[in-house]
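Undergrad: Pasting in a structure now, in structure tokens, and then I'll have a few things to ask.
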Amino acid sequence: MAPVYWQWWLLIVSSLAFLILSPWAKTKAQFFKATFRNRAPSAGMLTGSLIISWIFAKSITNAANLGLDFGIVGGVAYAGYYLSFAIAGIIIYLMRVKGGFKSIHQFLIEKFGRGAIVIFSILISIRLFNEVWSNTMVIGSYFGEIGSSSFYWSILVFTVLTLAYALKGGLSSSIFTDVIQMGLFAVLLCVILWNIFSIGEMEVKEVVSSGDWTMATGLNLLFAAVLQSFSYPFHDPVLTDRGFISKPKTTLRSFIFASIFGGICIVLFSIIGVYAQKNGMEGQAAVEVGKSFGVVILLVINFIMITSAASTLDSTFSSSSKLLTLDLKFGKTIKSGRIAMIIVAILGTIPVFLNAEILSATTISGTMVIGLTPIFIFWNMKVPKISFYLSVICGLVFGFLLVFNFFPQFLIFTEGPYADLLWINIWGILSCIILYLIPKWLKK
């Protein structure tokens with residue numbers, strides 16, 4: 001029977017199962033903070049939710065493709081982004097314990113005023129809209145060619161079904177289903193790796209020795225990812241919202257564990273690309289490897305994409321709901337939160353029909369928000385309000401320099417792919433920090 005037929009069954013049945021199993025949120029605490037019987041999520045639940053909400057469809061597609069391009073070095077480089085959890089976890093812990101802050105928005109408004117909230121909210125709104133279409137487009141690519149009717153229908157069905165169970169329980173549904181989705185991801189990943197190492201006859205030493213540890217073959221991206229980890233997590237409400245719902249110490253442990261195990265998951269998934277490289281495959285590594293092992297493994301890979309994309313999508317809906325209702329105060333009821341989800345689902349799906357680029361979205365958006373680096377690293381430092389604007393605008397300027405390829409070549413000191421990304425981030429972060437501190441120095 002045709003794989004696409006079974007893919008439809010996987011999509012519909014799994015989504016309906018999540019809809020049936022998801023808890024029904026009856027209070028604002030359940031809908032916006034995922035409390036259940038007056039208890040916040042445990043460390044285990046929070047860790048699983050953090051990991052799977054970031055192992056989204058486009059990230060594991062990128063991980064496999066980087067394994068194809070650079071060997072295991074590519075997987076390790078991409079896993080560098082998962083340092084974000086540890087950094088965010090430590091800073092949010094300190095903000096809560098020493099600063100007494102209950103949300104990122106509270107911190108920003110008390111320190112920098114309402115203007116800062118407006119700019120910050122625009123940045124994270126772009127991030128949330130991006131998460132909708134970038135993940136659903138990956139799902140659509142498994143059902144048909146871009147632009148085909150099956151491509152568009154799969155995206156619409158997937159978005160509607162995921163929205164349905166997100167509407168039911170809000171963040172409670174998101175974290176509840178995340179735990180199930182994390183378990184599914186782990187089992188399915190083991191199935192794929194077992195096939196690669198047994199049937200595919202690849203040895204561990206081949207994986208370890210794949211790729212070269214040079215700047216031109218992956219280290220440019222690794223160092224860029226590490227640098228971006230000091231700002232990247234703070235423009236992602238899917239991550240930061242989870243930093244304020246459990247006890248501070250529970251949250252800190254969860255973020256550190258998520259950093260370690262999330263990175264490991266990405267490296268393991270990149271082995272699919274290493275196998276593709278060994279066998280001379282081209283194109284989308286995950287798809288080509290799936291085809292080489294037959295229908296069953298192709299369906300397993302497809303199911304991983306569905307579960308990971310669903311996790312990110314329902315988290316995006318719940319974070320958008322909290323942003324528009326609680327943070328920006330456009331109504332404070334569950335009804336308002338559900339309306340916000342529907343609006344984001346509709347607006348976030350529109351780019352699908354505009355053939356938007358997906359796989360470059362992560363690195364570009366990461367560069368555009370490097371201005372957040374000093375704001376959160378020096379969160380407890382007293383600075384004039386103008387410091388926020390100088391740093392954020394500087395980061396946006398460097399982001400646009402990357403997008404439009406205007407950055408001077410003589411300031412790039414390494415070669416190969418991602419060299420421009422690395423050095424734009426190095427010079428950009430240094431500039432943001434200096435501009436952030438100048439008003440404080442002048443005030444002395």
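The values are calculated or read from the model by the stated rules, or taken from the named source; none is laboratory data. None of these values were measured; they are calculated from a predicted model. Positions of Cβ are generated from backbone atoms using ideal geometry, with glycine treated the same way; all protein chains shown enter the neighbour counts. Quick note on the areas: whole protein, heavy atoms, side chains included, nothing else; ligands and nucleic acids left out. Shrake-Rupley method; radii C 1.70, N 1.55, O 1.52, S 1.80 Å.
Undergrad: If you keep only loop residues by DSSP, which trypsin sites (Lys or Arg not before Pro) in the range 34-126 have at most 16 other Cβ atoms within 10 Å of their Cβ? Could the numbers behind the result be given before it?
TA: Values: sites: ARG37, ARG39, LYS58, ARG96, LYS98, LYS102, LYS111, ARG114; in loops: ARG37, LYS98, LYS102.
Qualifying residues, ordered by number: ARG37, LYS98, LYS102.
Undergrad: Mind grabbing the accessible area of TYR5 for me, 1.4 Å probe, Å², rounded to tens?
TA: Its accessible surface works out to 110 Å², give or take rounding.
Undergrad: To continue, here is another question. Between MET381 and PHE404, what is the label-to-label distance in nm when each label sits 7 Å out along the Cα-to-Cβ direction?
TA: Taking the two extended label points, one gets 3.0 nm.
Undergrad: Still on this structure, please answer the following. Quantify, in whole percent, the carbon and sulfur part of the accessible surface of the chain (1.4 Å probe; protein heavy atoms only). Can you show the working numbers first?
TA: Working: 12670 of 18000 Å².
After summing per-atom areas, the C and S share lands at 70 percent.
Undergrad: Per residue and in Å³, how big is the convex hull formed by the alpha-carbon atoms of the range 384-444? Display every interim value, and only then the final one.
TA: Working: hull volume 4.5 nm³, N = 61.
So the per-residue hull volume is 73 Å³.
Undergrad: With n ≥ 4 as the cut-off for DSSP H runs, can you work out [θ] at 222 nm for the chain, using -39500 (n - 2.57) per run divided by the number of residues, rounded to the nearest 500? List each step's numbers first, then the result.
TA: Values: 21 runs with 316 residues, N = 444.
So the helix-based figure for the chain works out to -23500 deg cm²/dmol.
Undergrad: Also: Might you tell me the accessible area per residue for the chain, computed with a 1.4 Å probe and given in Å²? Walk me through the numbers before you get to the answer.
TA: Working: 18000 Å² over 444 residues.
Value for the chain: 41 Å² per residue.
Undergrad: By average Cβ neighbour count within 10 Å, what is the ranking of 311-318, 277-284 from highest down?
TA: Working: 311-318: 30.1, 277-284: 14.0.
Final packing ranking: 311-318, 277-284.
Undergrad: Under the definition of Cα pairs under 8 Å and six or more residues apart, what whole-number percent is the relative contact order of the chain? Present the calculation step by step, with values, prior to reporting the outcome.
TA: Numbers: 700 pairs, mean separation 130.7, N = 444.
Answer for the chain is 29 percent.
Undergrad: A further question follows. Determine which lysines satisfy two conditions relative to LYS278: a Cα distance under 27 Å, and not lying fewer than 8 residues away in the same chain.
TA: LYS278 reaches LYS58, LYS205, LYS291.
Undergrad: Continuing with this model, one more query. What pairs from LYS28/LYS332; LYS102/LYS322; LYS98/LYS247; LYS249/LYS329; LYS102/LYS332; LYS102/LYS329 go past 18 Å between their alpha carbons? Write out the running numbers ahead of the final one.
TA: On the way: LYS28/LYS332 8 Å; LYS102/LYS322 13 Å; LYS98/LYS247 14 Å; LYS249/LYS329 29 Å; LYS102/LYS332 16 Å; LYS102/LYS329 15 Å.
Correct reply: LYS249/LYS329.
Undergrad: Sticking with this structure for a sec: For the range 71-174, which GluC sites (Glu not before Pro) are in a loop by DSSP, counting at most 12 other Cβ atoms within 10 Å?
TA: Of the GluC sites (Glu not before Pro), the ones in loops of the range 71-174 whose Cβ has at most 12 other Cβ atoms within 10 Å are GLU145.
Undergrad: Further question on the same structure: Round to a whole angstrom and tell me the spacing of the C-alpha centers of the range 202-265 and the range 365-399.
TA: Computed from Cα coordinates, the inter-centre distance equals 21 Å.
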